[in-house]
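Here the structure is laid out as structure tokens; the discussion comes afterwards.
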Amino acid sequence: MSKLTLEAAKEILAKHTTEEHLFTHANCVSAAMGALAVKFGEDKEYWEAIGYLHDVDYEKFPEEHCQHVRELLADEAADTEDMDNIIAHAYGVCCDEVEPTTNIQKALFAVDELTGIVHAYSLMRPEGIDGMEVKSLKKKFKDKRFAAKCNRELIKSGVEKLGLDMNDVMQCCIDGFTEHKADIYK
Ligand SMILES: [Fe+2]
């Protein structure tokens with residue numbers, strides 16, 4: 001089976017999700033994943049597709065997040081590798097089925113929560129994401145009261161797993177958001 005496409009990811013998510021903020025989150029994570037794929041010289045559209053679809057079972061099963069991905073994707077154009085790539089982002093949080101071992105899995109783990117901080121910060125800047133600097137983003141990251149729900153320890157452990165510098169991952173998020181701002185800020 002061919003790999004999951006971004007178009008298919010959008011169709012599938014729309015079947016299982018209604019809340020607008022979840023679509024925004026899907027676009028944020030997708031954008032960051034695309035920029036990280038470029039950094040690793042990997043398949044950008046595929047990473048964007050996995051990023052877009054990563055919370056496919058969240059609205060229906062918030063308490064059992066990632067434990068229902070396989071059933072929701074069983075009849076879709078998604079294979080076991082796609083499912084593993086999605087499920088791995090909940091490792092150590094709410095589903096220990098797949099440990100993140102590959103770049104795409106580690107990247108998703110790292111940016112899931114980090115994009116929440118980037119998005120919240122962009123909303124309070126008059127320029128939005130335009131011209132955002134890593135240095136100021138880092139200040140928001142260090143301020144635990146800002147976007148308090150975004151788990152800093154998870155982000156740090158994800159970035160560590162990925163073997164990149166936090167600055168580089170933050171820059172990727174900013175770059176991805178900038179490229180996809182028409183989707184993120186609708
Ligand atoms: Fe997420």
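Tell me, which cysteines of the chain are without a disulfide-compatible partner by the Cβ under 4.7 Å rule?
Cys28, Cys94, Cys150, Cys172, Cys173
Going through the cross-link list Lys135/Lys161; Lys15/Lys186; Lys10/Lys44; Lys15/Lys60; Lys60/Lys181; Lys44/Lys135, which pairs have a Cα-Cα distance over 18 Å in this structure?
Table pairs above 18 Å Cα-Cα are Lys135/Lys161; Lys15/Lys186; Lys60/Lys181; Lys44/Lys135.
Charges only on Cβ, +1 for Lys and Arg, -1 for Asp and Glu: so what's the dipole of the range 6-184 about the Cα centre, in debye to the nearest 20?
In debye, rounded to 20, the range 6-184 gives about 1260.
For the chain, what Kirkwood radius comes out of the mean inverse Cα-Cα distance, in Å?
16.2 Å
Please give the length that would be gained between Thr24 and Leu123 if that part of the chain were fully extended, namely 0.36 nm times their separation in residues minus their C-alpha to C-alpha distance (nm, one decimal).
Contour length minus the Cα-Cα distance gives 34.4 nm.
To two decimal places, what compactness ratio does the range 25-134 give when its Cα radius of gyration is scaled by 2.2 N^0.38 Å?
After normalising by residue count via 2.2 N^0.38 Å, the value is 1.09.
Once you have the Cα-Cα distance between Glu11 and Ser157, take 0.36 nm times their residue separation minus that, and quote the gain in nm to one decimal.
Contour length minus Cα-Cα distance gives 49.4 nm.
Can you compute 3J(HN,Hα) from phi for each residue in the range 12-18, using the Karplus curve 6.51 cos²θ - 1.76 cosθ + 1.60 with θ = phi - 60°, rounded to whole Hz and x for Gly and Pro?
5, 4, 5, 6, 10, 9, 10
Leaving out same-chain residues fewer than 8 places away, which lysines sit with a Cα under 18 Å from that of Lys138?
The qualifying lysines are Lys149, Lys156.
Please give me the summed charge of the neighbours of Ala74: other residues whose Cβ is under 13 Å from its Cβ, Lys and Arg +1, Asp and Glu -1.
Net of charged neighbours comes to -4.
Listed highest first by mean packing, meaning other Cβ atoms within 10 Å per residue, what order do 22-29, 152-159 come in?
22-29, 152-159
Bear in mind these aren't lab numbers, they're just calculated from the coordinates by the rules spelled out. For clarity, every value in this text was computed on a predicted model and none was experimentally measured. All Cβ positions, glycine included, derive from the backbone under ideal geometry; neighbour counts span all protein chains shown.
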